[in-house]
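A short reminder: the numbers here are calculations on the coordinates, not readings from a lab. Quantities reported herein were computed from a predicted structural model and do not represent experimental measurements. Here the Cβ positions follow ideal geometry from the backbone for every residue, glycine too, while neighbour counts run over all protein chains shown.
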Amino acid sequence: MALLEVSQLDVRFALRQGEVRALRDVSFTLDRGERLGIVGESGAGKSVAAFSLLNLISRPGFIAGGRIVFDGQTLNTLSERKLRKVRGNRISMIFQDPMMTLNPVLSIGEQMVECLKAHRRISSKAARAIALDKLRQVQIPSPEKRLDQYPHELSGGMRQRIIIAIALLLDPDIIIADEPTTALDVTIQAEIMALLLDLCEQHNVGLILITHDLGVVSQVTQRMLVMYAGRVIEQGPTREIINDPQHPYTQGLLNALPQMATPGEKLNQIRGSMPSLAKLPSGCAFHPRCDFMIRPSGEPRTACTEQVPGFVGTGNCRVACHMVAEMLEDRRLKEETP
Amino acid sequence: MTTTTTTPSRWERLRDSYVWYSFKRDRTAQLCLAIFLCLVVAAFASPLIAPTDPYDLRQIDILDSELPPFWIDGADDRYALGTDAQGRDLWSIILYGTRVSLLIGFGAVLLQALIGVTFGLMAGYLGGRVDAILMRLADIQLSFSTLMVAIVVGAVVKATMGSAFYSQYAVIMLILIIGLAEWPQYARTVRASVLAEKGKEYVDAARVMGLRSRRIMFRHVLPNTLSPIFVISTVQIANAIISEAALSFLGLGMPETHPSLGSLIKAGFDYIQSGSWWITLIPGAVLVVLVLSINLLGDWLRDVMNPRLYKG
Amino acid sequence: MSAQADNRIPVRDADGAEPLLQIRGLKKRFSLSGDFLDQLRFKKGRLVRHQEHVHAINGVNLDIARGEALCVVGESGCGKSTVARTVMGLLSPSEGEIHYDGARIDHLSSRKLLPYRKRMQMIFQNPYASLNPRMTIQQTLEEPLRLHHPEWSRAQVTDKVTTVMQSVGIDPDWGKRFGHEFSGGQRQRIAIARALAVDPEFIVADEPISALDVSIQAQVLNLLMDAQRERHLTYLFITHDLAVVEHFGTRVAVMYLGTVCEVATTATLFDKPRHPYTQALLSAIPRLKDDRPQHIRLSGEVPTPVNLPSGCVFHGRCPHANARCKQEIPALVTQTDGTRVACHGVEEGRL
């Protein structure tokens, strides 16, 4: 059984315009030591997915349905007290902005010791030793000095290293990283990503990486989910999706990258923009932007506008697209009638 | 890109706005607005509503003085809320007094806003020396209390021009005194939000366009600082009404022939020992209700317009 | 596109045509010490004036030829945005000169600058902040036209607004609505329309696509490239994203801590980066195709621009730095292929 199993997750926000469904039917699993990428543009619901795993969705949002099972415990029905034992301890989080996690008025050492003592019965001295060890692991120069420094005395890259050290503090099973390097510069970003990858491999820690950067996902993760308008539309091994995307949106997203085009030529853009969750198009939410709504024969595919596509399997990948489903069906029919 | 959407009208915009949404759900705000509007309408329609004209000496009979309100024995049917020491109908004089109080309150705030917003805008947008001079001026102004300024100015004017002149122009004098004394509140608030807006790219875009500073200040920056101006205005109106009442109570405000709520309270205060408590307590209650409703409205407005609380 | 542009407009070096924009020895310092009273300190019983500065740019020389897209890349704090804002007159330089079409513009009064405002426009990074929230789209787009063409009739202005809205792919019916009713990509289109409304010839774009989603980035980049082709625009394009540069730029200037360390044509730079910093920067781009990239690891982080390092600003993080790098500031030296590199190692031939 997988370490983390999310099934049919449904998250809603009760707003004054009415209820908005931020996540629908999101299901995925994560094995021990596996690295999973969740990719999508803003408004796709990827951060909501990350936050709901630890039941960190706050009012007006709520988990309306589905199950999150971690190591045999159903997290979304767990009491707040029991949940706290999982949070930070067995599953920890890294945010985009380090200052969301770091308290500006406490020194780095105090914060790390406090965190350790909250979850374990150990002396301050022992906790400090562990903290120092973790700071060494994240390759911070002169770690002894850092323990007594305050967050504002450190640079952005250094802070993000501290955050990783804090995330590793209690030897978690899973780290959820929400855009961990977006706020950093390219060279620092590459270093932090490499560090995170090394540490996860060394300690056999699972990683859920939430990002909009397909380059980062392709370098770090083994499997990925592509999200669009609150739904997962494609999932499978990262390499396979990057090399041969099936869903028109994933294709569009990859083809839109400047590195996929000849310099000076037009980029392959996806027209339109992500719909608002409050006003989703009928059927497949991507259909107003999709180029494959019309069959090669010229007749329109009515299912796209009428029916939400279910997942169909192509090899190791699963895709939610009527066009792909039809193609597979055609292929199967051809094989059956030689 | 081809989505056809109709442009919402101004009314639809208001109906869909957060302000309206929050107003619909806030009973206190609704009640306060209702009371405030009633008071304002009643005050400004006082010549139509009031049974007598308290400014007209012919309608006053000194023999009717100190009649109690209707629920107390000895009341006169003609005077629902009783009469004051001069025999004026209390209900009429309160209506007229509220009008004077509101007039001074609004007038003073208008003057404060005019000076404060202009200075704040200039200090915030132009910065440097202009900012330093204007803000030190504001600091100096703030270090004198409103009452002190009013007492000194009032005394000087009375001494030089005579008290008849002062009484004649009392409303304008009070507007000037309270207006001049409190402009730094506006200047500081506006300056702070101008500094925040100035850093935004739309201001840079306007500069790149080649617009003059004055146009950028009034056309681009000012409209975006209106929310805090609205909020502070409610508080300032309440403050101005109270300042006026305090000044009148001290005898530096409206003369008793054209009383405001403050001078009514003062006039009645002498009779509170002799049992005619209504002459001072009823106008006092009206003042409290008026100021309280404005302040509660201001609180609600501040919550609604606070961008940190507002998440559309 | 670049090939077309090259055919139409002669390259400056080939026949000596004057560049559209020349930046010479540009420096910009920002005071950290507040106003005069804040600067006074007591030191050893004496009152002294103490000032600290951020050295945002330190002696930048750049030429921009007509019709080209010069990209300035670098990490945060390298001064690339300061260059853009100084060129546009939003900041006044501490030292140095800026010449536009042969005339010096950095010291002009705002009135004398007005004719240039029509010729050079700017696109900003954050589409959520660059549109005045209290103005409708129509008002936003009409404002520059009314300012620069006061003689135009109402109908002429409205016609022009409609044309420019169509040219950036927004529905002219949206004019009555406000900026916040639109998505980031649509707002950036409106901001581009505002810049294009006065028919400029030169556009400074400060990270115009950084705040946008991937699929929208492609749309906006395409729009900028179309506009360049149709209107023969010259761009100064500021970005931190090298993948965009590779696609968009004619030439690239790499900046580090307020100085330009390498200027080259895009193809040359990506093919054969010379400066050690450029090499590190290029190796750090997350590519889709390679699994485990071997990026060049730089030690340490960018120093603060308050106390600049002596010698080459990059020496603290450079794997090839020697004693000379720590003392002597390298100059931009032109290589045989026209690339200009500021590095002692390259100059001495050890790199």
> Given H placed on each backbone N at 1.01 Å, which residues far from A:T314 in sequence or on other chains put an amide H within less than 5 Å of it?
Replying inline: A:V319
> With a ≥ b ≥ c the root eigenvalues of the C-alpha gyration tensor of the stretch A:1-111, is it rounded (a/c under 1.5), prolate (a/b larger than b/c) or oblate?
Replying inline: oblate
> Where the convex hull is taken over the Cα atoms of the protein assembly as shown, what is its projected area averaged over directions, in nm²?
Replying inline: 56.5 nm²
> Taking amide hydrogens as modeled 1.01 Å from N in the peptide plane, which residues meet the under 5 Å criterion relative to C:C261, leaving out close sequence neighbours?
Replying inline: C:V254, C:M255, C:Y256
> In what sequence do B:H258, C:H232, A:H322 fall when counting other Cβ within 10 Å, fewest first?
Replying inline: C:H232, B:H258, A:H322
> A:A22's amide H: which non-local residues (gap 5+, or another chain) put their own amide H closer than 5 Å, with H modeled 1.01 Å from N in plane and none for Pro or chain starts?
Replying inline: A:V11, A:R12, A:F13
> What lysines sit close enough to A:K125 to cross-link, taking a C-alpha to C-alpha distance under 21 Å and skipping anything fewer than 8 places away on the same chain?
Replying inline: A:K117, A:K134, A:K145
> What number comes out for the charge environment of B:T234, summing +1 per Lys or Arg and -1 per Asp or Glu over other residues with Cβ under 10 Å away?
Replying inline: 0
> Can you give me the Cα centroid spacing of the stretch C:16-32 and the stretch B:184-252 in angstrom?
Replying inline: 38 Å
> So what's the gap between the Cα centers of the stretch B:125-182 and the stretch C:169-231, to the nearest angstrom?
Replying inline: 51 Å
> What does the charge dipole of the protein assembly as shown about its Cα centre add up to, to the nearest 20 debye, if the Cβ of each Lys and Arg holds +1 and the Cβ of each Asp and Glu holds -1?
Replying inline: 1480 debye
> ³J(HN,Hα) across the stretch B:153-165 via Karplus (A = 6.51, B = -1.76, C = 1.60, θ = phi - 60°), whole Hz, x for Gly/Pro?
Replying inline: 4, x, 4, 4, 4, 4, 5, 7, 9, x, 6, 5, 4
> Mind listing the Cα extents of chain C along all three principal axes, in Å, largest one first?
Replying inline: 67, 60, 44
> Is the stretch A:197-338 rounded, prolate or oblate when judged by the Cα gyration tensor, a ≥ b ≥ c being the square roots of its eigenvalues, rounded requiring a/c under 1.5 and prolate requiring a/b larger than b/c?
Replying inline: prolate
>> Could you give the length gained by full extension between A:V308 and A:K85, i.e. 0.36 nm per residue of separation minus their alpha carbon distance, to one decimal place?
In response: 76.5 nm
>> What do you get for the angle between helix B:278-305 and the principal long axis of chain B? Use alpha-carbon atoms, 0 to 90 degrees, nearest ten.
In response: 10 degrees
>> How tilted is helix B:226-249 with respect to the longest principal axis of chain B? Cα atoms for both, answer in degrees (0 to 90, nearest 10).
In response: 20 degrees
> Can you list the HN-Hα couplings for the stretch A:268-277, worked out from phi with the Karplus curve (6.51, -1.76, 1.60; θ = phi - 60°), rounded to whole Hz and with x for Gly and Pro?
Replying inline: 7, 8, 8, 6, x, 9, 3, x, 6, 5
> Can you list the equivalent-ellipsoid semi-axes of the stretch C:162-230, largest first and in whole Å, using the square root of 5 times each Cα gyration tensor eigenvalue?
Replying inline: 17, 16, 10
>> Can you compute the charge dipole magnitude of chain A about its Cα centre, using +1 on each Lys and Arg Cβ and -1 on each Asp and Glu Cβ, nothing else charged? Give it in debye, rounded to the nearest 20.
In response: 1100 debye
>> Spelling out what I want: for every residue of the stretch C:78-95, take phi, set θ = phi - 60°, compute 6.51 cos²θ - 1.76 cosθ + 1.60 (Karplus), and round to whole Hz; glycine and proline get x.
In response: 8, x, 5, 5, 5, 4, 4, 5, 5, 4, 7, x, 6, 10, 9, x, 6, 8
>> For the stretch C:231-351, I need the span (max minus min coordinate) of the C-alpha atoms along each principal axis, in Å, sorted largest to smallest.
In response: 46, 37, 31
>> Under a crude label model (7 Å from the Cα following the beta-carbon direction), how far is C:D159 from A:E329 in nanometres?
In response: 5.4 nm
>> Return the Rg/Rh ratio of the stretch A:57-204 with Cα-based radii and a Kirkwood Rh.
In response: 0.98
> Stokes-Einstein D for chain A at 4 °C, 1.567 mPa s, Kirkwood Rh over Cα pairs, in µm²/s?
Replying inline: 60 µm²/s
> Rounded, prolate or oblate: which fits the stretch C:248-308, taking a ≥ b ≥ c as square roots of the Cα gyration tensor eigenvalues, rounded meaning a/c under 1.5, else prolate when a/b beats b/c?
Replying inline: oblate
> What nm distance separates the two modelled labels at C:D226 and C:R146, each placed 7 Å from Cα along Cα→Cβ?
Replying inline: 2.9 nm
> Can you list the equivalent-ellipsoid semi-axes of the stretch C:10-130, largest first and in whole Å, using the square root of 5 times each Cα gyration tensor eigenvalue?
Replying inline: 34, 16, 15
> Quick one: if the Förster radius is 56 Å, what FRET efficiency do C:N307 and B:R13 give, using the C-beta to C-beta distance and rounding to 0.05?
Replying inline: 0.60
